[in-house]
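Colleague: Once you've had a glance at the structure underneath, I'll fire off some questions.
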Protein chains: 4
Amino acid sequence: MTPVQNDRQQFASDNLAGICPEALQSLLDANASGHQPAYGDDVWTQKSTDMIRELFQTDCDVYYVFNGTAANSLALASMCQSYHSVICSPVAHIETDECGGPEFFSNGSKLLVGEDESPAARLGKLTPDAVEHLVTKRRDIHYPKPKVVSITQATELGTVYTVEEVRAIAAIAKRRHLKVHMDGARFANAVAALDVHPSEVTWRAGVDVLCFGGTKNGLPMGEAVVFFDRELSADFAWRVKQAGQLASKMRFISAPWVGMLDGDTWLRNARHANAMAQRLHQAIHALPGVRVLHPPQANSVFVQLPAAAIARLHAAGWLFYEFIAGGGCRLMCAWDTQPETVDAFAADLAGVCAQAA
Amino acid sequence: MTPVQNDRQQFASDNLAGICPEALQSLLDANASGHQPAYGDDVWTQKSTDMIRELFQTDCDVYYVFNGTAANSLALASMCQSYHSVICSPVAHIETDECGGPEFFSNGSKLLVGEDESPAARLGKLTPDAVEHLVTKRRDIHYPKPKVVSITQATELGTVYTVEEVRAIAAIAKRRHLKVHMDGARFANAVAALDVHPSEVTWRAGVDVLCFGGTKNGLPMGEAVVFFDRELSADFAWRVKQAGQLASKMRFISAPWVGMLDGDTWLRNARHANAMAQRLHQAIHALPGVRVLHPPQANSVFVQLPAAAIARLHAAGWLFYEFIAGGGCRLMCAWDTQPETVDAFAADLAGVCAQAA
Amino acid sequence: MTPVQNDRQQFASDNLAGICPEALQSLLDANASGHQPAYGDDVWTQKSTDMIRELFQTDCDVYYVFNGTAANSLALASMCQSYHSVICSPVAHIETDECGGPEFFSNGSKLLVGEDESPAARLGKLTPDAVEHLVTKRRDIHYPKPKVVSITQATELGTVYTVEEVRAIAAIAKRRHLKVHMDGARFANAVAALDVHPSEVTWRAGVDVLCFGGTKNGLPMGEAVVFFDRELSADFAWRVKQAGQLASKMRFISAPWVGMLDGDTWLRNARHANAMAQRLHQAIHALPGVRVLHPPQANSVFVQLPAAAIARLHAAGWLFYEFIAGGGCRLMCAWDTQPETVDAFAADLAGVCAQAA
Amino acid sequence: MTPVQNDRQQFASDNLAGICPEALQSLLDANASGHQPAYGDDVWTQKSTDMIRELFQTDCDVYYVFNGTAANSLALASMCQSYHSVICSPVAHIETDECGGPEFFSNGSKLLVGEDESPAARLGKLTPDAVEHLVTKRRDIHYPKPKVVSITQATELGTVYTVEEVRAIAAIAKRRHLKVHMDGARFANAVAALDVHPSEVTWRAGVDVLCFGGTKNGLPMGEAVVFFDRELSADFAWRVKQAGQLASKMRFISAPWVGMLDGDTWLRNARHANAMAQRLHQAIHALPGVRVLHPPQANSVFVQLPAAAIARLHAAGWLFYEFIAGGGCRLMCAWDTQPETVDAFAADLAGVCAQAA
């Protein structure tokens, strides 16, 4: 195996990647301008939020927070009281990887996991039927009252809700008086995959609040909470401040967003990451011993590999996570994943698979 | 008046300043290194926390969070249950400017404001007598039980607790079974002013937890919560994660700390800011109509100015806050405040004072 | 001194009194009826809430909770998010004697104490000016946003807001978009003192939510939260359940309310307690060494007594609280305070005063 | 069918029953004693807590709260921080019927449901294997850290953990540094069923905190939180007060406990209820169409009945809950269930079953 300089960590997660050049340049520009107003009263914050409004073609409210757990938790807390509940998929990040952040910020709202045996559910998606089941199962005051449906776009399994799927979820939500939250940690990858206007898969499809992720797309940190239903953001500035999520030197969060949004860098980054996942899939799906769990739609490939193959790849320095039962591995691509790295990984995998066979 | 490029905002707050060169260089270095482990498992986080331990000459626990409200609130929450209380000065940032963050993160702990008529209290300091009074005033279960004393070093009035003053607070705290929290948003300025080893005014004086501020000292964002009493930090990593304060790309928080700590940049920045406050004080204290409220110790000057003078300065573009009754203005200096800017402000002030007189 | 069987505890608090006969009889009736629906679906709960609606001549929402801290805290939480604040008097029970309950149930809302030098403030009342001052003092996002005005009727100092005073508070509240909460732990005593219809001093004067106290008026436990603004009680049943305030055997809370409301027992009890306070005042106000702080309006007398007199009365078994600086004592009367007990106390007090003089 | 006066509600829940004579007598005695100290400083509170200590033969800490949701939630909150988790059975009352109370009082602790395919799990019990699985499944900071195991004794399915089963759970808990909480809403029924000393199945088996239920056993309201591990109850009095769970007229909670504990009324009540469940089981288990889900161990019988039979019984006024899939009904007996009522129900059921067959 030919070692490549620490690119072998590249398939672990897109949050191991650095800052993309366009975002970095904006950060440097913002720093070069001397003293600037704090707490978001600066020109970059104004400009980037205007750009997000333009991007979505609607007069939404935009707030920046530091990370995805905060974005999701605060957005949910703005829609839930402590005795309400949030319906989500069993693999939703808010359920499995935010250490109870949504419960904490809402002071106790319960997450209700919507499961069914449908093909969509196996792809990590929440289904309208699962939502309907949970809303109608309990209506008494001894159980938290459903108030929000949360979907992740792209999902935690690297799949993407179609516009129709989002609309179907939103229709049930509307009928049952639930708000619709979209965890868009990899929203860019979803939009790139769907090749639709961002508004089509959000507010035009019935989404009330989007957590628009920037970190995994090439920012150093900082996510945008985008309220399409502006009534939900009443006093949200106070909530952000109290929650320790208001950056005093806000420009260092917002200026990189300018760099990302300008000239559609965000979409280009996402398309690249998605393309790398496709390239990886092409290169490995037919290898002996490799079983792709589902064709990649966004920027990750989920595969089952023989235990011995995993061990040898890890020994060779390749970093990736296993968290699906029976050998399922997540191979994640980022805005800066190089074709050479994909090819090197595929070659190594081919080698260990041949060895195992 | 000769306008100086937007340095006229410089006296508003030290959090209007940008990133200092040393911190920025570290950030760029961290970005140049490709993919790196997330959530603090990177070399910069390891290095910077080791440097903080070395700086304090003790084996403390160090956690980074995004901003000062989070640092203070999470530190206090780690010491308080919801039915406990925190004793602080009436001008403490946790009381006046964190929008109830400490109450939120602790799920209801009450802040008890310790006031007295002492000279120290007029300088924005909490006194041992004020603490003793609050601890002994109520001991019944119908009132929150005091659990923590919080002091700000340097204080919100730009003054600095001496080592003896910190020790005296800590002695009362120890006797009354209270923990000691230090809000060190401007800790660097205090250490620079006192010219003591950082350990002398913290753990050697009885401080249990320090929120070591970096943002006002030249970082883009990111504060260090330093637990000298390591029992208090049990499970703190979970608390940080749940609270939405764990950066996935942690290196962009920690690498700038390396730049700040290396070669004592933090202290040099602070000394400079303090010196600018002294220069400003020298230049303006004897002007007619100007009444300095107390000699500056850290990086700010508090003065009473005639209303007309304030209006003219603002009209000329000089930005600063008034928030003390009767015309008191806060003139804050930062790591990058230029002597020329100080002199220009002093000249303008002299002009408007002469005009007023 | 002639000891009277443990009536000497009577002046300590009206919550040391037992259950009045009418309430007890209803409780016994409710118990005699065998199995009954739980959680409030019983006839007594239906009947008593209807009676409260009739009493107030409006279609309000009524919920029972176990005690006054819960009533106030849950009512406030239904109006406040964590980053909001509640304006109240410095002597308000919610501020001084609920151990941070309001902060806990609201997940961090701050209580802002409205103080001024007015005669009304000295009588324990919040004034419109104090409210206006606090609402306008801070409007930035770094400080909790005022959302509710809370007044106690009768006040903690045994005084009573006039209808005009309540209206004036409510007018400011309306203009500043604040809701009006009334802590009515001794609401009955206030209505008895004012001799007005209960609606006059509540919703007709602009009160949105009343915590109608029963315990101090002769119930074993159980307070009614009465929402005149029914929009505020959306999902309140879930809030009560989650907060551990929903009695499964609800009839034992609600049936005694039937007994209290039937035939105006609640008002008769209150009138008696008030009359006993007047009798006590008459008997002692002119004694040498006795200084009544203000003429009693509800069911308590606040007096300054010589330290020696207090000691001798306590030694003789008389129980009462001192909590006003400089010897102020609270002498509380209850629904069952006997004229003989009042006279015996007055005689003893006269004796110790004479001895002291 | 011969209608019996509203005893037809008897099988719905043991919390539809009234106050047992012994508890009522104590309440009346407490009321006859005039003014008494508030907040638990009365003789009944002292006596009843001493009686509980004697009952358990250990120096435990005892606190009364108003209901079961509060007892469980506050007990759990005393052991958990917001980022911790509680392991329980999927049918645990804390999970299914407290409207998120545990999450609210702990400010966000997550309940982790321990499921497996074992016979014990089908009887509503948590198993050591399920606990071990959940503790070891996730150890990273992105998921709440397990801190408590909660078991319900008797379970929500009317079954009872043996002493050995409790010990086995406690052994895993000890090894994994978890505390053990017992929801004893029907603790009396469990002790009666096991016929062991109460200490054997609690602290001697490794239980740290017991919520000892009184309401379902014949009290009007009021549960005892019993801390066998007294370190866990540090400052618990403040927690109870802040949470709105401290009765001012505490004697009306505690005196009935004296009546219940005196002469083992609590155990006699429980034995009676259990015997009625056995009688019911005997009378109906062999009826055609009736399928008992498991032999009753405490005071309830769970059966599957034909839909038509359920409809006819309900039409005839018999009240009971269906909440197990496929026709499972819960028939609950109480301290006051009469043999005649059991027989009348059995006769009616026999009738409708014959009709259906």
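All of the numbers you see were taken from the coordinates with simple rules; none came from a lab. All values derive from a computational prediction rather than experimental measurement. So basically every Cβ, Gly included, is an ideal-geometry build from the backbone, and we count neighbours across all protein chains shown.
Colleague: Taking a label point 7 Å out from Cα toward Cβ, give me the nm distances from C:GLU117 to the same spot in the other copies, shortest first, one decimal.
Modeller: Spacings between copies for this position, smallest first, are 1.5, 8.0, 8.1 nm.
Colleague: Mind jotting down the distance between the C-alpha centroids of the stretch C:31-102 and the stretch A:234-250, whole Å?
Modeller: Using only Cα atoms to place each centre, the spacing works out to 32 Å.
Colleague: Under the Kirkwood approximation applied to all pairs of distinct alpha-carbon atoms, what is the hydrodynamic radius of the stretch C:102-166 in Å?
Modeller: About 13.1 Å for the stretch C:102-166.
Colleague: Between C:LEU111 and residues 5 or more places away or on another chain, which pairs have amide H atoms under 5 Å apart, with H built 1.01 Å from N, and which residues are they?
Modeller: Here the answer is C:VAL86, since their amide H atoms fall under 5 Å of that of C:LEU111.
Colleague: Next question. Can you list, largest first and rounded to whole Å, the semi-axes you get for the stretch D:227-357 by taking the square root of 5 times each eigenvalue of its Cα gyration tensor?
Modeller: 39, 17, 14
Colleague: Which residues' amide hydrogens lie under 5 Å from the amide hydrogen of D:GLN304, considering only partners 5 or more residues apart or on another chain, with H built in the peptide plane?
Modeller: Those lying under 5 Å, H to H, from D:GLN304 are D:ARG291, D:VAL292, D:LEU293, D:CYS329.
Colleague: Can I ask one more? Using a cut-off of 14 Å between beta-carbons, work out the net charge of the residues near C:PHE227 (Lys and Arg +1, Asp and Glu -1, C:PHE227 not included).
Modeller: Details: positive: C:ARG53, C:LYS179, C:ARG230, C:ARG239; negative: C:ASP59, C:ASP61, C:ASP208, C:GLU223, C:ASP229, C:GLU231, C:ASP235.
The answer is -3.
Colleague: If you bin every alpha carbon distance in the protein assembly as shown into 10 Å steps from zero, what whole percent lands in each bin?
Modeller: 2, 8, 15, 19, 20, 16, 11, 6, 2, 1, 0
Colleague: Right, something else. Defining a contact as two alpha carbons under 8 Å apart and six or more residues distant in sequence, what relative contact order in percent does chain B show?
Modeller: Working: 715 pairs, mean separation 87.8, N = 357.
The value is 25 percent.
Colleague: Beyond 12 Å, what share of the Cα-Cα pairs of the stretch C:221-266 remains, rounded to the nearest whole percent?
Modeller: Taking all Cα-Cα pairs of the stretch C:221-266, the fraction more than 12 Å apart is 70 percent.
Colleague: Now for a different question. Which value, in debye to the nearest 20, gives the size of the charge dipole of the protein assembly as shown about its Cα centre, when Lys and Arg are +1 and Asp and Glu are -1 at the Cβ?
Modeller: Computed about the Cα centre, the dipole is about 0 debye.
Colleague: May I pose another question? Taking just the alpha carbons, could you work out the radius of gyration and Dmax for the stretch A:21-264, both in angstroms?
Modeller: That works out to 17.5, 58 Å for Rg and Dmax.
Colleague: Let me have the relative contact order for the stretch A:266-356, percent, based on Cα pairs under 8 Å that are six or more residues apart.
Modeller: After rounding, I find 36 percent.
Colleague: Express the C-alpha Rg of the stretch A:1-101 as a ratio against the empirical globular expectation 2.2 N^0.38 Å, rounded to two decimals.
Modeller: Against the compact-globule rule of thumb, the ratio is 1.47.
Colleague: Also: With contacts defined as alpha carbon pairs under 8 Å and 6 or more residues apart, what's the relative contact order of the stretch A:211-339 in percent? It would help to have the intermediate numbers written out before the result.
Modeller: Working: 148 pairs, mean separation 28.1, N = 129.
Relative contact order comes out at 22 percent.
Colleague: Counting just the Cα atoms, what span does the stretch B:162-227 cover along each of its three principal axes? Round to the nearest Å and put the largest first.
Modeller: For the stretch B:162-227, the Cα extents along the three principal axes come out at 39, 22, 13 Å.
Colleague: Okay, next question. So if I take the centroid of the Cα atoms in the stretch C:266-328 and the same for the stretch C:122-151, what is the distance between those two points in Å?
Modeller: Each part's Cα centre sits 32 Å from the other's.
Colleague: Ok, one more. Measuring from a point 7 Å out along Cα→Cβ, what nm distances, shortest first, does C:ASP229 have to its partners in the other copies?
Modeller: With the label placed 7 Å along Cα→Cβ, C:ASP229 yields 2.1, 4.2, 4.5 nm.
Colleague: How large, in Å, is the stretch A:122-215 by the Kirkwood hydrodynamic radius built from its alpha-carbon pairs?
Modeller: One decimal place: 13.5 Å for the Kirkwood radius.
Colleague: Between Rg and the Kirkwood Rh of the stretch A:39-87, both from Cα atoms, what is the Rg to Rh ratio? Intermediate results must be reported in sequence, preceding the final value.
Modeller: Numbers: Rg = 13.6 Å, Rh = 12.7 Å.
My calculation of the ratio gives 1.07.
Colleague: Quick one: Cα centre-to-centre distance for the stretch C:191-221 and the stretch B:180-223, in angstrom?
Modeller: First find each Cα centre; the distance between them is then 52 Å.
Colleague: With Kirkwood's inverse mean 1/r over C-alpha pairs for Rh, give me the Rg to Rh ratio of the stretch D:249-319, two decimals please.
Modeller: 1.18
Colleague: Let me ask something else about it. Can you give me the three principal axis dimensions of the stretch C:280-357 from its C-alpha atoms, in Å, biggest first?
Modeller: 32, 25, 21
Colleague: Place the label 7 angstrom along Cα→C-beta at B:VAL43 and in each other copy, then list the distances from the first to the rest in nm, shortest first.
Modeller: 3.8, 7.7, 8.2
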